[in-house]
Amino acid sequence: MRVAFVTGGTRGIGRAISTRLKAAGYKVAAGYAGNEVAAKACADELGIFVIKGNVSNFADCKAAIARVEAELGPIDVLVNNAGITRDATLHKMTEVQWNEVIHVNLASIFNMTRNVIEGMRERNYGRIVNISSINGQKGQMGQTNYSAAKAGMIGFTKALAQENAKKGITVNAIAPGYIDTEMVMSVPKNVLDQIIAGIPVGRLGMADEIARCVAFLAAEDAGFITGATLAVNGGQYISG
């Protein structure tokens, strides 16, 4: 049975990914930063292993991966999903707002991936899926930090895919548009209505729609897809 580790895996899109992978037969570990209530609910309701840690800290990631592998076995699938926002226009953005987003959203994928990639290379198998964003593709006013981090994830994905293609390891990204998570649903109604009006399919995406894409890319028979970025945004941004 394959082992999957999902960062930020106990809430929102992450929980949907954990749910979908568990249903597909994986042994799943879900990382979380601090919401103990959500983590306990995830563990109890899904029957998965949850582990607390700070993805922006290399030592924390190394320790978490060691615990997961001791509990479940070697990690075959890594989903880098953890992320935060600290929105502000650049002329008002603080150094702390910039650094927090870059460290949690971008440095974290080095911290996590660096600690699993050698094992994947030794076993000649691995699936890495990085959850980027539509705003990493097109940019977004008030999110220079977030857009930079999410665009960086796409570049990381393309480079790492080339480095490991001959080792049976695929590396892909998913760029969700606006999804019906707590964060999006907390936006004022008039703003949310404007967002939905700009989505050609006329609705928000569902977290499970992202999770289904992750399960597809994580599957053993998706071995010829690597270095790709899958846009899942209802037609809001179409790149060539």
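Values in this text are rule-based calculations from the coordinates and carry no lab data. Note that the structure is predicted; figures quoted are calculated from it, not measured. Glycine also receives a Cβ, built like all others from the backbone with ideal geometry; neighbour counts cover every protein chain displayed.
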Set of lysines with alpha-carbon distance to residue 40 below 30 Å, sequence-local pairs under 8 removed: 22, 27, 52, 62, 150
Once the dipole of the chain is set up with Lys and Arg at +1 and Asp and Glu at -1 on Cβ about the Cα centre, which of 188, 94, 75 lies farthest towards its positive end? 75
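Can you tell me how the stretch 140-240 classifies by the Cα gyration tensor, rounded, prolate or oblate, using a/c under 1.5 as the rounded cut? Could you put the intermediate results ahead of the total?
On the way: a/c = 2.61, a/b = 1.82, b/c = 1.43.
Here the stretch 140-240 falls in the prolate category.
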I'd like to know which of 18, 47, 3 lies farthest towards the positive end of the charge dipole of the stretch 1-57, counting +1 on Cβ of Lys and Arg and -1 on Cβ of Asp and Glu. 3
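Per residue of the chain, what 222 nm ellipticity follows from adding -39500 (n - 2.57) for every DSSP H run with n ≥ 4, rounded to the nearest 500? Mind dumping the intermediate values first?
Numbers: 10 runs with 112 residues, N = 240.
Value at 222 nm, helices only, nearest 500: -14000 deg cm²/dmol.
Using the count of nearby Cβ atoms within 10 Å as a rough guide to exposure, how do 229, 19, 89 rank from fewest to most? Display every interim value, and only then the final one.
Values: 229 17, 19 21, 89 10.
Fewest to most other Cβ atoms nearby, the residues stand as 89, 229, 19.
How do 84, 134 rank when sorted from fewest to most other Cβ atoms within 10 Å of their own Cβ?
Values: 84 18, 134 23.
In increasing order of surrounding Cβ atoms, one gets 84, 134.
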What shape does the stretch 23-135 take by its C-alpha gyration tensor, where a ≥ b ≥ c are the square roots of the eigenvalues and a/c under 1.5 counts as rounded, a/b above b/c as prolate, and the rest as oblate? prolate
Given +1 on the Cβ of Lys and Arg, -1 on the Cβ of Asp and Glu, and no further charges, what dipole in debye does the stretch 1-108 carry about its Cα centre, rounded to the nearest 20? 200 debye
Assigning unit charges at the beta carbon (Lys, Arg +1; Asp, Glu -1) and nothing else, what dipole magnitude in debye, to the nearest 20, does the stretch 36-163 show about its Cα centre? 380 debye
Would you work out which of 140, 35, 223 lies farthest towards the positive end of the dipole of the chain, given +1 charges on the beta-carbon of Lys and Arg and -1 on that of Asp and Glu, about the Cα centre? 223
Would you mind ranking 201, 96 so that the residue whose beta carbon has the fewest other beta carbons within 10 Å leads the list? 96, 201
In debye, nearest 20, what is the charge dipole magnitude of the chain about its Cα centre with +1 on Lys and Arg Cβ and -1 on Asp and Glu Cβ, if you could check? 280 debye
Using alpha-carbon coordinates, inclination of helix 207-218 to the longest axis of the chain, degrees: 40 degrees
Log entry: pair-distance distribution for the chain, C-alpha pairs binned every 5 Å from zero, whole % per bin is 1, 7, 14, 19, 21, 18, 11, 6, 2, 0, 0
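Suppose R0 equals 45 Å. What FRET efficiency, 1/(1 + (r/R0)^6) with r the Cβ-Cβ distance, do residue 194 and residue 219 give to the nearest 0.05? Kindly include the intermediate steps, with their values, before the conclusion.
Values: r = 37 Å, r/R0 = 0.82.
Here the calculated transfer efficiency is 0.75.
Per residue, how big is the convex hull around the C-alpha atoms of the stretch 1-69? Give it to me in cubic angstrom, could you?
Values: hull volume 4.9 nm³, N = 69.
Cα-based convex hull of the stretch 1-69, divided per residue, equals 72 Å³.
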